[in-house]
1. Go through B:Gly263, B:Gly299 for me and flag whichever is over 25 Å from B:Asn14 (Cα atoms) and within 14 Å of chain A (Cβ to nearest Cβ).
2. List pairs: first residue in region B:355-384 and over 26 Å from B:Lys290 (Cβ atoms) and part of a helix (DSSP H, G or I), second residue of a type outside the set (A, V, I, L, M, F, W, C) and open to solvent by 20 Å² or more (accessible area, probe 1.4 Å) anywhere in the structure, Cβ distance under 6 angstrom, at least six positions apart or on different chains.
3. Of all residues in region B:211-246 being assigned to a loop (DSSP other than H, G, I, E, B) and farther than 29 Å from B:Leu122 by Cβ, which is nearest to the chain's Cα centre (by Cα)?
4. What tally of residues in region B:266-296 results from selecting those that are β-branched (Val, Ile, Thr) and within 14 Å of chain A (Cβ to nearest Cβ)?
5. Kindly indicate whether any position in region B:298-306 is over 27 Å from A:Ala163 (Cα atoms) and either under 42 Å from the mean Cα position of the chain (by Cα) or open to solvent by 50 Å² or more (accessible area, probe 1.4 Å) (or both).
6. If you go through region A:117-132 one residue at a time, do you hit one that is within 19 Å of the chain's Cα centre (by Cα) and of a type outside the set (A, V, I, L, M)?
7. Report the residue count in region B:250-293 for those that are surrounded by 24 or more Cβ atoms within 10 Å (Cβ to Cβ) and hydrophobic (A, V, I, L, M, F, W, C).
8. Looking only at helices (runs of 4 or more DSSP H) that lie completely in region B:1-108, which have at least 3 residues being under 30 Å from B:Ile311 (Cα atoms) and hydrophobic (A, V, I, L, M, F, W, C)?
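The values are calculated or read from the model by the stated rules, or taken from the named source; none is laboratory data. Please read all numbers here as calculations on a predicted model, not as lab measurements. Counting neighbours? That spans all protein chains shown, and the Cβs are built from the backbone with ideal geometry, glycine included. To get the accessible areas, we keep the full protein, side chains included, count just its heavy atoms, and leave off ligands, DNA and RNA. Shrake-Rupley method; radii C 1.70, N 1.55, O 1.52, S 1.80 Å.
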Amino acid sequence: MTMTEPIIQINSMKKMYELGGETVKALKGVTLDIQKGDFISIIGPSGSGKSTFMNMIGCLDRPDSGKYLLDGEEVGKMKNSQLTAIRNEKIGFIFQNFNLISKLTAVENVELPLIYRGMKTAERRKIALEALEKVGLVDRANHLPTQLSGGQQQRVAIARALAGHPPILLADEPTGALDSETSRGILEMINSLNEQGHTIILITHDLEVAKQASRVVRIHDGQLYESGGEWFADNQNGTKEY
Amino acid sequence: MQTIRMALKSIKGNKVRAILTMLGIIIGVSSVIVMVAIGQGSTKEVQDQIGSLGTNVLTVSVSGSDITFKEDDANQIQDVNGVEAIAPTVSGRVTVKNGQTNAQVSMIGTISSYLNIRDLQLQSGRFIADLDHENHSKVAVLGSDTAENLFGLADSVGESVQVNGTAYKVVGVLESVGSSLGTSGDSTIIVPLSTGQRLATTTDIGSVYVKVENEDMIDFTSRFIEQTMYSIVGDADSYSVSSQKDLMETASSVNETMTFMLGGSAAISLIVGGIGIMNIMLVSVSERTKEIGIRKAIGAKRGNILLQFLIESIVLSSLGGVIGVGIGVISAQIFTLATGTTIAYSVPVMLLSFAFSLVVGVVFGVFPANKASKLDPIQALRYE
């Protein structure tokens, strides 16, 4: 696996921001490589810099310094419009609260990333239905999000993330708004997507969820710690929820 | 195309608000159309009427109260170079009565040439004859409205009417000449000049209608008549000589000013409507912050968002414009049916007000759309 070029290469990434007149060092030099086909969890409590890191990986924000190579492209210095195009092509977002557009039907929501690629209607519809088929919701294609259960909404969101065939799926607390049984279903689906070859980055504060991944990385106080046995050991009988 | 569909969808999603938003534009556009239709209608009516009097007629009016202008003085105008015929008149208001029915009408006392000079047509009977004037005959020619008021549909020729309490024999009825600006030209009664002077209790002449021989020379003839009038009256402020063209120009300019003012005040309401659209669009942007965040996160560029909101505001305003044109035409039609006032639709004004509503949509849509497009996706996604 290490023979191929990593799909994500992050090198001493730093990010600061102003918060109420104070400068907060959210990321203090983070280095991380992610291989194609990896399933990696990033776990950390709130205030750890986890959200900032996710925004960086998701190309929603730019680092102050450091390198970020995504699929061979240096995105750290890109302009907003370029970042938007990168997000559209390279990253499939799965959010905690699904973030479907409530006025659009399931299939229209799935079509969204394709619309912004300028794809024609018929082709777009075909790909969107294929993606819905993958998550087993073709029969709900014309339902509005409000007519779907939480689990179904998250599956529509996954279909939306899959529709553009991005090399990376970025899931931010995908089970955060779901009950435990539905969560299990969603995590199984994410697992099987990984088995089909999708690279998955899962961001969570829940150790149980994080353990689904083949590789777990802890973020704390703006720094990354590759999961060793020692960290898990520390937390075995302590706080499970981190 | 896709963006337009999205805009329509989002408008459909909130129909009541969309209609309320459009209301300003609808009212603006329809009032522009109604106001201009009424204004131009009355301009056209006045012009038609004045034009129908003939452009070869001059009106000499005597207005001074302390001067005397008798029939003999008026007859001097007949001798002016270029004058074909004259009709001295005296006018006043009288009460006419037939049995129980009575009406206030305007009385004109004149001579036989009046019919030809004013280009009037008889419906039935005959006009005032020279002999009637010489004999001070109590005969009358009725305007079409007067005849209808007093006699209904029955033929009134040969009947008698009471004018200010005295019996007059009806010898003829005029064809309708229409009305202008609320005054009817048909609520009249025409009597011989000598009889009219008695009714108006004056021996003076109020005005003289002059038909000129050559229409092209009307300005010269007008000048000659003024000289003659000055030599008779001796006071330049007490009389005026005007052609139908002068009247038409005055009437038109008054009407144009009126149309302009009506249209202008309606245009202001269009701008107010535009501000209403901007208001709603701003609310819509902040309501849909999350949606904008989602769209931006999954690949909507600034231009996509800008276009989406701009098109939404343009669709709102142009839809309002179309509905406004429709309502404007319908209400102008209702207005003319209800009041009988002539209206004139102006296609350029309709297109202009529609175009204006489009422009309003663009101008007042740019600010909210730009605001939406500039939202930071991270902040927008976090927005609840």
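1. Unique residue meeting the criteria: B:Gly299.
2. Listed by first residue and then by second, the contacts come to B:Leu358/B:Ser318.
3. Initially, region B:211-246 is screened for residues assigned to a loop (DSSP other than H, G, I, E, B), giving B:213-214, B:234-235.
Filter once more, so that each one left must be farther than 29 Å from B:Leu122 by Cβ: B:234-235.
Details: B:Gly234: 38, B:Asp235: 35 Å.
Filtering region B:211-246 for residues that are assigned to a loop (DSSP other than H, G, I, E, B) and farther than 29 Å from B:Leu122 by Cβ, the one nearest to the chain's Cα centre (by Cα) comes out as B:Asp235.
4. 3
5. no
6. No - not one qualifying residue is present in region A:117-132.
7. The number of residues fulfilling the criteria is 4.
8. In region B:1-108, B:2-12, B:15-52 are the helices (runs of 4 or more DSSP H) which contain 3 or more residues that are under 30 Å from B:Ile311 (Cα atoms) and hydrophobic (A, V, I, L, M, F, W, C).
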